[in-house]
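This report concerns only the one structure given below.
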Amino acid sequence: MKGLNLTLVILFAALGVLNAQDQIRIDGKVVDPSGQPIPGVSIVLEGTEKTTVTDTEGLFEIEAVPGQQLTFSFLGMKSQTIEIKRSGQFLDITLQEDVEELEGTVVVGYGVQKKESVVGAIGTVDMEDLKAQGNISNMTDALTGAVPGVSVLSMSGMPGGYQNSGTKIYSPPQILIRGQTTWNNASPLILVDGVERQMNDIDVNEIQSISVLKDASATAVFGVKGGNGVILITTKRGQQGKPRFNIEAEMSFETPSKMIGAADTWQGIIARNHAIERTRRFIPALWTDLYASDEEVSYYKNGTYPYAYPDNDWDDIMLKDYSTSYRVNASASGGTKRVRYFTNFSFNSVGDIFNSNDIGQGYQPSYSYDRLNMRTNFDFEITSTTKLKANLAGMHAVQSAPPGNAMEFIFTSIHNLSGDTPVMLYEDGMYGAYNANFKSPNPYYVLHYSGVEENMRTLVNMDYTLTQELDFLTEGLSVSGKLAYDNLFRNTGIKVSDDGLTTKTINPEFYLSGGYFDMET
């Protein structure tokens with residue numbers, strides 16, 4: 001009997017210990033690789049239905065028994081499982097980014113889905129690959145080679161993209177998805193946060209993702225405008241948590257590519273002599289004046305009289321060895337459960353590859369581009385079922401270049417002119433305007449004294465999206481309304497070379513758009 005009583009005592013004591021173990025409280029904190037807390041992390045006690053989530057500081061508490069396991073999971077992060085060792089244990093959990101999971105989602109016309117669940121052909125752009133291209137002056141050219149099936153036809157090397165001068169050099173780039181299927185406009189529909197807008201002037205650091213809908217299934221959502229494909233651009237948004245600040249600066253160097261080296265002037269003179277000798281009877285007397293004697297050839301070769309017998313390398317005269325461009329970017333994000341924000345400021349400057357200087361005309365006749373970008377995105381949780389998104393973006397850009405006609409001549413003259421074409425710098429420091437033999441303009445003079453055209457553009461975009469969940473009617477039902485408001489001011493000014501200081505303002509334009517409203521369910 002005594003033995004039975006002792007057994008019962010031991011049994012109840014063991015049950016008491018197990019009951020005490022059930023009451024152990026486990027505390028901890030979940031952070032990302034940078035040490036920032038992650039709110040909303042799902043924590044599951046394996047083998048039970050007990051769960052919890054982290055608060056705004058990434059903290060959590062849960063009751064468990066030593067030996068049990070806790071699994072931590074969060075969208076975009078790799079799940080992690082931890083075994084409970086002892087009572088009073090504080091868990092410091094660091095979740096690593098799951099790149100594969102992030103890449104496995106795409107933005108479509110009606111939300112975000114897993115790639116494998118999408119029937120239509122969709123391509124995504126790796127934003128890190130775009131940033132790796134260096135200083136990006138316009139997003140259209142940045143898409144070159146970024147997505148299979150997407151072609152970018154660019155005929156302009158202008159910093160910042162094309163101007164509206166109507167020449168081939170200033171022609172805008174064209175985006176084609178799976179080739180051109182019509183003689184008419186074959187460009188895709190471009191949506192920025194759900195609003196039809198241009199993408200050239202968006203800063204790369206503002207963009208969260210780019211999805212390209214390639215096939216005709218896009219017309220089911222976007223109508224006939226989506227017949228040539230759709231490019232969906234989603235900008236970054238703030239996440240709940242402490243403020244996060246990021247500052248980036250980069251510098252790039254551009255050099256001329258695929259330059260055809262010219263022969264020395266004396267070699268060209270000999271070749272011209274041979275041509276005149278073999279076709280003398282077919283050439284007018286005026287052209288025979290170009291025939292050079294052996295003594296003159298030696299002057300070109302030895303540089304005896306450089307002003308009368310020049311040996312000019314027009315690539316070296318007109319082009320720099322390299323130009324410098326840079327970009328500076330600063331962003332901040334964070335917020336609470338009720339209000340979240342993302343703010344980004346960026347300054348982009350593209351240098352000139354032409355060897356232009358202020359040689360007395362009073363201005364710098366360069367091909368350059370300076371752009372300042374600003375974006376602020378807010379997310380407001382007005383109630384548990386009512387949400388408001390407010391986006392404000394602005395851009396101010398100045399693009400400089402010689403006038404259109406002058407630029408076409410400058411480009412072609414670099415390879416068309418022979419080395420015996422004189423720069424014609426007179427003793428008083430002025431440059432001659434024409435070649436005495438061919439009566440053609442001197443490109444160095446044209447570059448510096450034709451004036452400089454400055455195109456200024458100021459753009460402000462705003463859009464607001466209000467969403468109301470209607471789960472009390474039908475689960476998953478919601479209604480949303482979007483209001484977009486855009487305006488653009490463009491002004492073109494030309495500094496002419498009469499006195500080097502005169503500024504002439506032409507073609508001021510002001511565009512205002514306030515009529516976009518959309519309802520979705």
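The values are calculated or read from the model by the stated rules, or taken from the named source; none is laboratory data. Bear in mind the structure is a predicted one, so any value in this text is a computation, not a measurement. For neighbour counting, all protein chains shown are included, and Cβ atoms are generated from backbone atoms with ideal geometry for every residue, glycine included. Note: accessible area is taken over every heavy atom of the protein model, side chains too, but ligands, DNA and RNA are not part of it. Shrake-Rupley method; radii C 1.70, N 1.55, O 1.52, S 1.80 Å.
Annotation note: of GLY88, GLY120, GLY67, the sole residue that is modelled with pLDDT under 75, part of a loop (DSSP other than H, G, I, E, B), out of contact with any Lys or Arg (no Cβ under 7 Å at 6 or more places or on another chain) and more than 30 Å from GLY149 (Cα to Cα) is GLY88. Is there a residue in the range 470-480 that is assigned to a loop (DSSP other than H, G, I, E, B) and within 30 Å of SER413 (Cα to Cα)? So far as the range 470-480 goes, no, none of its residues is assigned to a loop (DSSP other than H, G, I, E, B) and within 30 Å of SER413 (Cα to Cα).
The test for being of a type in the set (Lys, Arg) and assigned to a loop (DSSP other than H, G, I, E, B) holds for LYS337.
Identify, from the list PHE74, PHE90, PHE60, the residue that is surrounded by fewer than 16 Cβ atoms within 10 Å (Cβ to Cβ) and of a type in the set (A, V, I, L, M, F, W, C). Explain how you work it out, then say what you get.
On the way: PHE74 fails: surrounded by fewer than 16 Cβ atoms within 10 Å (Cβ to Cβ); PHE60 fails: surrounded by fewer than 16 Cβ atoms within 10 Å (Cβ to Cβ).
After applying the criteria, what remains is PHE90.
Figure legend. Inter-residue proximity from the range 462-485: first residues under 23 Å from PHE378 (Cβ atoms) and free of Cβ contacts under 8 Å to residues at least 40 places away in the same chain, second residues open to solvent by less than 60 Å² (accessible area, probe 1.4 Å) and in a strand (DSSP E or B), beta-carbon distance below 6 Å, spacing 6+ or different chains. Indicated pairs: TYR485/MET462; TYR485/GLY514. Within the range 384-396, residues that are among the small types (Gly, Ala, Ser) reach partners that are surrounded by 19 or more Cβ atoms within 10 Å (Cβ to Cβ) with beta carbons closer than 7 Å, at six or more positions or on different chains, in the pairs ALA393/ARG375; ALA393/ASN461; GLY394/LEU459. The numbered conditions (1) under 23 Å from ASP126 (Cβ atoms); (2) open to solvent by 60 Å² or more (accessible area, probe 1.4 Å) are all true for GLN267 except (1). Checked across the range 23-40, the condition of being open to solvent by 60 Å² or more (accessible area, probe 1.4 Å), farther than 22 Å from PRO243 by Cα and modelled with pLDDT under 85 holds for at least one residue. Considering only the range 382-390, I want to know if a residue exists there that is crowded, with 18+ Cβ neighbours inside 10 Å and more than 30 Å from ASP471 (Cβ to Cβ). No, there is no match, as no residue in the range 382-390 is crowded, with 18+ Cβ neighbours inside 10 Å and more than 30 Å from ASP471 (Cβ to Cβ).
Applying the set (1) surrounded by fewer than 19 Cβ atoms within 10 Å (Cβ to Cβ); (2) part of a loop (DSSP other than H, G, I, E, B) to TYR309 leaves exactly one unmet item: (1). Among the residues making up the range 241-297, those that are out of contact with any Asp or Glu (no Cβ under 9 Å at 6 or more places or on another chain), at pLDDT 80 or above, of a type outside the set (Val, Ile, Thr) and within 30 Å of ALA132 (Cβ to Cβ) are PRO243, ARG244, PHE245, ASN246, GLU248, ALA249, GLU250, MET251, SER252, PHE253, GLU254. Right, TYR341: closer than 30 Å to SER413 by Cα and hydroxyl-bearing (Ser, Thr, Tyr) or not? It is false that TYR341 is closer than 30 Å to SER413 by Cα and hydroxyl-bearing (Ser, Thr, Tyr).
Collect the residues in the range 205-227 that are open to solvent by less than 10 Å² (accessible area, probe 1.4 Å) and either under 30 Å from SER333 (Cβ atoms) or acidic (Asp, Glu) (or both), keeping them in residue-number order.
ASN205, GLU206, ILE207, ILE210, SER211, VAL212
Restricted to the range 431-445, and to residues there that are at pLDDT 70 or above and open to solvent by 20 Å² or more (accessible area, probe 1.4 Å), the residue that is nearest to the chain's Cα centre (by Cα) is TYR444.
Filtered by the rule that a residue be at pLDDT 85 or above, over 19 Å from GLY160 (Cβ atoms) and open to solvent by 60 Å² or more (accessible area, probe 1.4 Å), the range 345-378 gives a lone residue, PHE378.
Of all residues in the range 47-57, which are under 15 Å from ILE93 (Cβ atoms) and either assigned to a loop (DSSP other than H, G, I, E, B) or open to solvent by less than 80 Å² (accessible area, probe 1.4 Å) (or both)? If the condition is that a residue be under 15 Å from ILE93 (Cβ atoms) and either assigned to a loop (DSSP other than H, G, I, E, B) or open to solvent by less than 80 Å² (accessible area, probe 1.4 Å) (or both), then THR52, THR54, ASP55, GLU57 are the ones that fit.
Condition check for THR383 on (1) at pLDDT 75 or above; (2) touching a strand residue (DSSP E or B) at 6+ places or on another chain (Cβ under 6 Å): one failure, at (2).
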